[in-house]
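Structure record follows, encoded as structure tokens.
What follows is calculated from the coordinates using simple rules that are stated; it is not laboratory data. Note that the structure is a prediction, hence the values are computed from the model and not measured. Note that each Cβ is placed from the backbone with ideal geometry, even for glycine, and that neighbours are counted across all protein chains shown.
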């Protein structure tokens, strides 16, 4: 039983990262309808920025996360304005290729600035907590709670503020939103910025638990894509629930069956869900 | 509207210049007249350009002829490694090791073959650790006349071996899987030792070095080579009447969170955890195992180097057993190598793979001198067993057999109080490993 609860806790921790990544990705997809392949690299940049802030300037860890989120939000808005907006009316393939180009560019930049070496985050809450035979470090627990806080904050922002309503409106009907006077280009930028900031939050939170290196984003990116397909493209609750679900499946399959097959189970669940509900758990029916 | 009209004019300009190019192609270098048909006054300018071109060409030619480094003939050695991606630092270690060796040989005057002097040049190519790209890289090197090639990794080497005998190039591979020499390719030579030598010797030495260890848990990377390492260790270890409590495979390149696997393995109470993967994932496992309250030993394999001390020094301190290359026992050699690395590539420290790169270049150079040829790869292959051991050796290779496998010395080490502590020297006599314990 201890093993079971330990694996549940592990799964929630991994799921937190997947959820944050998937939330950003699905937010961007909902507004701009582009699969943002460069999202994993923004995740990596976020981790490197907070690592540098903590290591070089001895800035408080939580403040570093906030700064990293703001910087990445800025980068995200810039990318949207300079790269994706001019391509909006072009064939989809152009945005695809732009995203891949951006991916290579960002990875190259990170490589040039920070080098290809794996780095250990200079800070982590190392205290071990033990309750009912389950062990978890304080940092992992904080990752779980900080993620929950961010999810709640995002939900409040979307549901209770006028900018949040505008984002929802643009996601639902771009032209309609434009007609009622919503500044659609700015809202697109805003959504892109928020999505990117969430990636920075995810990597900065998890950075001290893992290691930081230029290729660190590719794996969470693939997992986040699985999550948003599982949860339904463009659906925020789908991203959150899908993320935790994937984390739990991986953790339980890894603990009880075999680590080699952990991914297999995750993909099997994806196939089953898509067979029963092709639009994903929370996806709306495709138009037309 | 404005930008669009700008683009249109730009488009027109482009057409114009294309037209120009077309004319140039039709009329060859004698374009003075043709140009003047299009635009007056251009002919003077182009004549001037042509003269400048000629002058710069002359200067370049003079530079090439007078430059001492280029006036000598060069022998190229191709090094194919992952230079981008997650294990790029290992690939770079391979390349830098080779480059350091080439520079040392060149600084001493290069190699002398048939009364002629040759300098060595390393040509690095990236294969991203993918066998299909290894083959592409081999083809590229062959196309530019390279006859000696080094690859990194068992799968990558297996792919390159398909071509070696047919296309006639010498393959000095850095691979530890037994398959690469069992394939019967005559022009393939293994630079490291085979994994069964490393794995069984580690199990043997462990009996004396850490007699308190009874139960070992094995975590291996899902790669045929790493799996085989675990199996060979298991066989030797259980042969000594000891226990393997669990052996689990996982994809270390795709896993960063080891809590799920560790919470499954640690309740079995292993005395030692054998983790068969490279430094970075190894460090993560060590870190997370300690977080979960594990207090036992960590055992590693030859692919795990010095970086583990930097990333998880505190976690492994005094409770580690790893494989080190022969040169660590010679402080003079080791420091010289570290200095050379520092100058060439700050941030990368010489590891096992670098030592293999270094060894490979020296072997090639000495064998070329011995064989008296830089082109006949079969003769160079025949000469290789005759040049070992040699004083500059980093790997401590003692002899080669017909299959292309070697016998060499390696070192077992612990990491304690922030320093590497060398515990035993291992070499082979006949079929048995001989272990000399260092006091």
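A few remarks follow.
- Here the translational diffusion coefficient of the stretch B:133-276 follows from Stokes-Einstein with Rh set to the Kirkwood radius across Cα pairs; for 4 °C and 1.567 mPa s it amounts to 76 µm²/s.
- Exercise: per-residue mean of other protein chain Cβ atoms within 10 Å, A:254-261: 6
- Take each peptide in B:109-116, A:78-85, count the other Cβ atoms within 10 Å of every residue, and average; sorted highest first, the result is A:78-85, B:109-116.
- The alpha-carbon positions of chain A define a convex hull whose volume is 139 Å³ per residue.
- Shape of the stretch A:1-96, Cα gyration tensor, a/c cut at 1.5: oblate
- Overall Cα dimensions of chain B, principal axis frame, Å, largest first: 94, 69, 40
- When A:92, B:94, A:139 are arranged by Cβ crowding within 10 Å, least crowded first, meaning fewest neighbours, the order is A:92, A:139, B:94.
- Nearest-ten-degree value, helix B:307-316 long axis tilted from longest Cα axis of chain B: 30 degrees
- When the Gaussian network model of chain B links Cα atoms closer than 10 Å, the mean-square fluctuations of B:137, B:61, B:424 top out at B:61.
- Length released on extending from residue B:375 to residue B:207, taking residue separation times 0.36 nm less the Cα-Cα span: 55.6 nm
- Its alpha carbons give the stretch B:278-401 an Rg and a Dmax of 18.4, 61 Å.
- Mean residue ellipticity (222 nm) of chain A, computed from DSSP H runs ≥ 4 via -39,500 (n - 2.57), nearest 500: -24000 deg cm²/dmol
- Judged by the mean number of other Cβ atoms found within 10 Å, the most tightly packed of the peptides A:41-52, B:427-438, B:406-417 leads the ranking A:41-52, B:406-417, B:427-438.
- Cα-based Rg and Dmax for the stretch A:83-124, where Dmax is the largest Cα-Cα distance (Å): 15.4, 45
- Paramagnetic reach from residue B:107 in the stretch B:318-338 [backbone N under 18 Å; point 7 Å along Cα→Cβ]: B:331-338
- Subtracting the Cα-Cα distance of residue B:166 and residue B:333 from their residue separation scaled by 0.36 nm leaves 56.3 nm.
- Zone of residue B:142's modelled label, taken as backbone nitrogen in the stretch B:343-376 under 20 Å from a point 7 Å along Cα→Cβ: B:374-376
- Relative frequency of Cα-Cα separations exceeding 18 Å in the stretch A:165-288, percent: 63 percent
- Counting, for every residue in B:261-268, the Cβ atoms of other protein chains within 10 Å of its Cβ and taking the mean gives 5.
- When each of B:200, A:204 is scored by the number of other beta-carbon atoms lying within 10 Å, the sequence from fewest to most is B:200, A:204.
- Sorted on the mean count of surrounding Cβ atoms within 10 Å across their residues, most packed first, peptides A:8-18, A:258-268 read A:8-18, A:258-268.
- Helix B:154-167 axis, angle to chain B major axis (alpha carbon atoms, nearest 10°): 50 degrees
- The alpha-carbon atoms of the protein assembly as shown define a convex hull whose volume equals 216 cubic angstrom per residue.
- Taking N as its residue count, the alpha carbon Rg of the stretch B:149-215 over 2.2 N^0.38 Å: 1.45
- If R0 is 25 Å, the Cβ-Cβ spacing of residue B:251 and residue B:182 corresponds to a FRET efficiency of close to 0.45.
- Average beta-carbon neighbours from other chains, 10 Å sphere, peptide B:271-281: 1
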